[in-house]
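One structure is given here, and the rest of the page talks about it.
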Amino acid sequence: RPPLLVSQSVSTRHAYPVSHHQHLLPCSIFGGSVLPLGPHTDCTEQTDVRTGRFCAALQPLAQRWVHVVMLLPATGYCFCCYLVIEVILHRCHCFSDDPVYIPLDAHIEEYIKSDYGLVYMGTPLNISGKPWSFGQYEPGVLEACLKLLQVSPEHLSDKQNDYIQRANPVYLSRVICAMVNSNDDLGILEGKWHGNYKGGIKPTDWSGSADILHRWVSSNCKPVRYGQCWVYASVLCTVMRVLGIPSRVVTVFNAAHDGDGSVKIEEIYSSTGEKLNLSKDSIWNFHVWVECWMRRPDLGPGFDGWQVVDPTPQEKSAGKFCCGPCPVVAIQQRCLHVPYDSSFVYASVDADIIRLIVHDGLVVQRVVDTESVGQLIYTKGIGSDRPNNLTQTYKSKTSQTGSCLWTGQIQYCLKTSTFVWSPSLRHQLEPLLYLTGHAPVPVYCFLLNYPQTSY
């Protein structure tokens, strides 16, 4: 059965078998408080009267059944049962053990509940803020976000696995990121950067996400024309907030596009100063993406927190047009092999520009610019229209003399001379840790040819 949406009646009781999915509880139906109900606990959480939304909690009634308790502002309690796999696609930021838990109330208000945002545009010397309505409380927006998941390639190819994986915000963010653009699926937006915008809406004319989502649903999942980076990012931010994942729109000024994976930007000029079109790399005066807050159990606690998720279709990631989630701290520490797309994101904010002057096919001069890329990184301030400068969260205050090496099992930071073990490797090494009292660092250093250090 399809999930019961918030716009539908909840005055009747329905029950469906849960099978083995009940261990994924608790989770939320909407981006709001979800209550940890036990068999004999009462629901006391208040709903948001301003928005008319209700809170929900999942309560095990028996081994194979789950009870959903909904609190409505006018009528009190209404009860219905859901199949768990239809509900786990929403996260709860309220519980400290949830992978999208964010501790500060001000952050919850700004990055989940707020439907108003500012998108910064322009150049570092001429910055403007464009107001944006995320519209997560508008009628039909929640339904559009649910439909987005139902028509994703991951769901169409393996529904059972997709339902289970929706409890994982890393997986969920990659699915949604790819679905915001329409380059290789039934996604929301079609991009256009040149020429006229006949047959669609000029990207600068959009001011909110709800209209875009409504058009996409009403056209039976045909892409809405047209979007550019700030439109892609703002729609993604809406979907993530609807699903309860803390998100914010971030602008990088003088953002690089590393087209060949070299983590450097090449610009080639003739001896007369003409720029030659011989490189796949480019520099945008600004680029906009989204940061989402989540834990990264696949990488270790050192990479928890804000993650870059970029829905603008630039390069493919694992075969589809998406980017991230990439830990912001990995960019700051130059951990360029950390999943996902860390080298590409790093180049966007901190790549060197190599300017080559050629004459008769020979390079006659080479100039390296280490300062221009990622000069300024802004997001909207908490509870304010003033910008919050995030530049130093991406760039170390001291000069980078080393980088972070990551093999998927072990990470060694040349700058801090420390190791971080992946959860799977730590589990394998636990017996040896117990016997010796320390990690077998010399053995792994020898195998990986890294310098030895203490654990």
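The values are calculated or read from the model by the stated rules, or taken from the named source; none is laboratory data. Just so it is clear, the structure is predicted and the values come from calculations on it, not from any experiment. Neighbour counts are summed over all protein chains in view; Cβ atoms, including those assigned to glycine, are modelled from backbone coordinates with ideal geometry.
Among the residues of segment 135-151, is any assigned to a loop (DSSP other than H, G, I, E, B), among the acidic types (Asp, Glu) and under 22 Å from Ile188 (Cβ atoms)? There is at least one residue in segment 135-151 that is assigned to a loop (DSSP other than H, G, I, E, B), among the acidic types (Asp, Glu) and under 22 Å from Ile188 (Cβ atoms). Please specify each residue of segment 191-231 satisfying the condition of being over 12 Å from Thr312 (Cβ atoms) and part of a strand (DSSP E or B). Listed by number, the residues that qualify are Gly208, Val224, Arg225, Tyr226.
When the residues of segment 270-281 are filtered to those that are on the phi < 0 side of the Ramachandran plot and part of a loop (DSSP other than H, G, I, E, B), the one that is surrounded by the most Cβ atoms within 10 Å (Cβ to Cβ) is Asp281. Annotation note: of Gly117, Gly122, Gly52, Gly76, the sole residue that is at pLDDT 95 or above and over 22 Å from the mean Cα position of the chain (by Cα) is Gly122.
Quick check on segment 91-141: of everything there that is touching a strand residue (DSSP E or B) at 6+ places or on another chain (Cβ under 9 Å) and of a type in the set (Asp, Glu), which residue is surrounded by the most Cβ atoms within 10 Å (Cβ to Cβ)? Result: Glu110.
Restricting attention to segment 241-269, the residues that are out of contact with any Pro (no Cβ under 8 Å at 6 or more places or on another chain) and not in a loop (DSSP other than H, G, I, E, B) add up to 17. Set side by side, the residues Gly195, Gly191 differ, and just one is of a type outside the set (Asp, Glu) and modelled with pLDDT of 95 or more, which is Gly191. The selection criterion, being free of Cβ contacts under 8 Å to residues at least 60 places away in the same chain and touching a Ser or Thr at 6+ places or on another chain (Cβ under 6 Å), does not hold for Asp360.
Just so you know, in segment 153-188 the residues that are β-branched (Val, Ile, Thr) and in contact with a His (Cβ under 9 Å, 6 or more places away or on another chain) include one that is modelled with the highest pLDDT, and it is Val175.
Suppose the filter is under 22 Å from the mean Cα position of the chain (by Cα) and not in a helix (DSSP H, G or I); does Trp284 pass it? The answer is yes for Trp284.
Among the conditions (1) within 20 Å of Val290 (Cα to Cα); (2) surrounded by 24 or more Cβ atoms within 10 Å (Cβ to Cβ), the only one that Ile265 does not satisfy is (1).
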